[in-house]
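> A single structure is presented below for examination.
Every number in this text was worked out from the coordinates using simple rules, so none of it is lab data. Values in this document were obtained by computation on a predicted structure and should not be read as measured data. Don't worry about glycine lacking a Cβ; one is built from the backbone with ideal geometry, like all the others, and counts go over all protein chains shown.
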Amino acid sequence: MTENAYFIFVVILFLLAVFDLIIGVSNDAVNFLNSSIGSRVAKRKTILIIAGAGVLFGAVFSGGMMEVARKGIFNPEMFVFSELMVVFMAVMLTDIILLDMFNTFGMPTSTTVSIVFELLGAAFAVSMIKIFSAGGELADLTLYLNHSKALQIIGGIFLSIFFAFAIGWLIMSFSRIVFSFDLRSSVKKYGAVFGGLAITTIVYFILIKGAKGSTLISNDLLLWINENTLLLIGVNFVFWTILSLIGQRVFKLSILRFVVLSGTFALAMAFASNDLVNFIGVPIAGFESYIEFAAGTIPADEMNMGFLANKVKTDPLLLILAGLIMVVTLVFSKKARTVTETEVNLGRQGFGSERFRPNYLSRSIVQMGVSLASVFSGLMPASMKQRLSDKFVEIEIHTDLEEEDKPAFDLLRASVNLVVASILIAFATSLKLPLSTTYVSFMVAMGASLADYAWDRESAVYRVAGVLSVIGGWLFTAIIAFTSAATLALMIFYGELYMVIGLTLLAAFLIMRSAKFHSKRMKEKPTLIASIIARKNIKADEVINECLEHIDETLSTTDYVFKKCILGLSEEDKQIIKKARKRSKGQDSKIDQLSRTVFHYVQKMESENGEMAQFYIYVLRYLTNIKKSIIQISTISYKHIDNVHKPMEIVQIEELFEIYEELSAYISLTKESLSEMNTIKYNSIAARKESIYQSSVVLLERQIMRMKSRSSSRESSVLHLSIILESQSLLRYISDLAELFIQKTKK
């Protein structure tokens, strides 16, 4: 390619860098916003201003981390200019597509993991091309990839999961034992010391340890800081402790609020100083490579890139510009808010919308945790057990607030989250290790949640399932980042500039499409749980109307699923049954949510007696039975087709349609009588129940005779019998539900 073509490469790299900054910050904002937003320490605008200042300040401390993109994953002296430009382009294209996908679905992922594995995948692909074209062996791969450094980075990233969780749990446990949930009295005693210790720790790791990476601090000042570290720590502790005491006693300021806001600034700064390399490290390396190439006369496919191994100071203006883009994104990004809500929801104290469904692994972990807790509890003296138990009794202090306005957790937990995460991230930055800020902040928050008894027996399986889903997403990030970057590197290597332009346009299209999808999701109605939490008092007529809506929807779904399953069986069309099955599962999810909110729904009912509550509970019971039957019908029908069993006989299909027609007519008339509150109409159709039931009995007898005469196959016979029996169950549940509703409306 010509020099002009590589200039276009560099321009595209910087355009991708801008998008990567926007997309990356939208995902990583959760790392430093979740604690302050979850604790409602201040207005969102105030929190964003403080976090933005931290991001901008941290950007100038990130220069030392830029070397990771140049020589942390591969050995630059083994590549020529044209090859590394392919690597850089593949990495950036993969990064923006991958991160945008996670943002759209509100899942926090690690930008560090993505950039490391993208560099690894793209460099691997180009290395393999070089090795095979030169007739080399696979063992030569170690010459091209900086495997020792890469393994060190990857190992550090994944070890941080366990260390961050354990340290978060340990520090939160100790803090809660000291302060308990009664913060008003305990903070008066220990708040000043806690504030002094917390702020001193932040100052040490952010300003002293983090100063090594700054492009604006002279070597003389760095030397003086290193020689007087203990003095600086001592002076800081005394200063911040006295200042905390004065603010607390004289000005009646909340020391925990000060710590949380300071921690928000510190963690935002730690994020920017550690993670900025993830977004602009590759484009800057590409730009510096192009400058070196343009200044010489060596062809692109001969120019060795060994100079990237040298230590280079990044232009502070580039860092500041990147910081400004990050700040603007932080303020205006809607996807950042979506990702933040996911983590706050997983760490909240108390009831709320459980986004993740429990699975086998989450249940096993919770069961093991309960067993271990029981063992330790048995070994602990009763007096100590009681004292510790008293420390973890939650006190309701926001009784004047609506449920949706209450903080997800208190200021003490927010302080621990921020201080511990800031320390770990800044310490890694001082060692020039691109530690995953997402891993650290998320796992610290989850460890603190566990220590704070936020994961009680009522919610543990859901929270653990959520944590496992996020961790699984991280692993998925690593796999797809490696394979995607390797694939794009191969495409760009052979397709050159035309391929780059095509892939860039494709990336732009995918980002625009995901933006529309995200906007649509944001406009959707809130979950049932969230809507119930937001309500104040629920009147009796509202209960009846809502029950009527749930009944109508469930009966409509029943009619649809039954019909589509029989139609799918008659045509042996798996897709028809698959759609019916999907709808039945959607109804299952909704009724499941209704059942899980019944406790809070009943609490909000205006009626003091339990009559209306009983009515609501019985309605949910019948709806649950109905949805179980339709799920069973769709499941066995799908399995029959999926297992490629013999098709049902024509007479069997005709009989199923016969029972469906009768049941469908009964459902339709029942819906009409309930919607009109027409007792007379209901009484006129109630007698049809026995007629339909007798018809189903006749169909059962016919099938039994066919089985005796062996005129039908085993699997189709079992399926036919099962559907008829489920239709009888549906008839009984629908009839009982309608009778319950009619009797209630008579009163």
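> Suppose each label sits 7 Å from its Cα in the direction of the beta carbon; what would the GLU661-ILE49 distance come out to in nanometres?
Those two pseudo-labels are separated by 7.3 nm.
> Over the Cα atoms of region 537-746, how large are the radius of gyration and the largest Cα-Cα distance (Dmax), in Å?
Here Rg and the maximum Cα pair distance are 18.6, 62 Å.
> Quick one: Karplus J couplings for region 565-578, per residue in order, coefficients 6.51, -1.76, 1.60, θ = phi - 60°, nearest Hz, x for Gly and Pro?
Taking θ as phi minus 60°, the curve returns 5, 5, 4, x, 5, 5, 9, 6, 10, 5, 5, 4, 5, 4 Hz for region 565-578.
> What whole number of Å gives the distance from the Cα centroid of region 78-128 to the Cα centroid of region 236-287?
The two parts, judged by their Cα centres, are 30 Å apart.
> Right, something else. Taking amide H positions as placed in the peptide plane 1.01 Å from N, state which residues far from LEU145 in sequence (5 or more) or on other chains have amide H under 5 Å from it.
Here ASN75 satisfy the definition.
> Quick check: residue separation of LEU223 and GLU572 times 0.36 nm, minus the Cα distance between them. What number comes out in nm?
Fully extending the segment from LEU223 to GLU572 adds 117.8 nm.
> Where does the charge balance sit around GLU3 when Lys and Arg score +1, Asp and Glu -1, over other residues with C-beta under 15 Å from its C-beta?
That sum, taken over residues with Cβ under 15 Å, equals -4.
> Pairs of Cα atoms under 8 Å, at least six residues apart: use those to get the relative contact order of region 537-746, whole percent.
Answer for region 537-746 is 28 percent.
> Say R0 is 60 Å: what FRET efficiency, to the nearest 0.05, do LYS708 and TYR360 get from their beta-carbon distance?
0.90
> Fully extended, how many nm does the chain gain between THR635 and LYS385 (0.36 nm per residue separation, minus their Cα-Cα distance)?
85.1 nm
> OK, next. Report, by chain and number, residues whose modeled amide H sits under 5 Å from the one on MET605, excluding near sequence neighbours (fewer than 5 apart, same chain).
ILE538
> Still on this model: Pairs LYS539/LYS578; LYS516/LYS578; LYS563/LYS708; LYS604/LYS689; LYS578/LYS671: which exceed 32 Å Cα-Cα?
LYS539/LYS578; LYS604/LYS689
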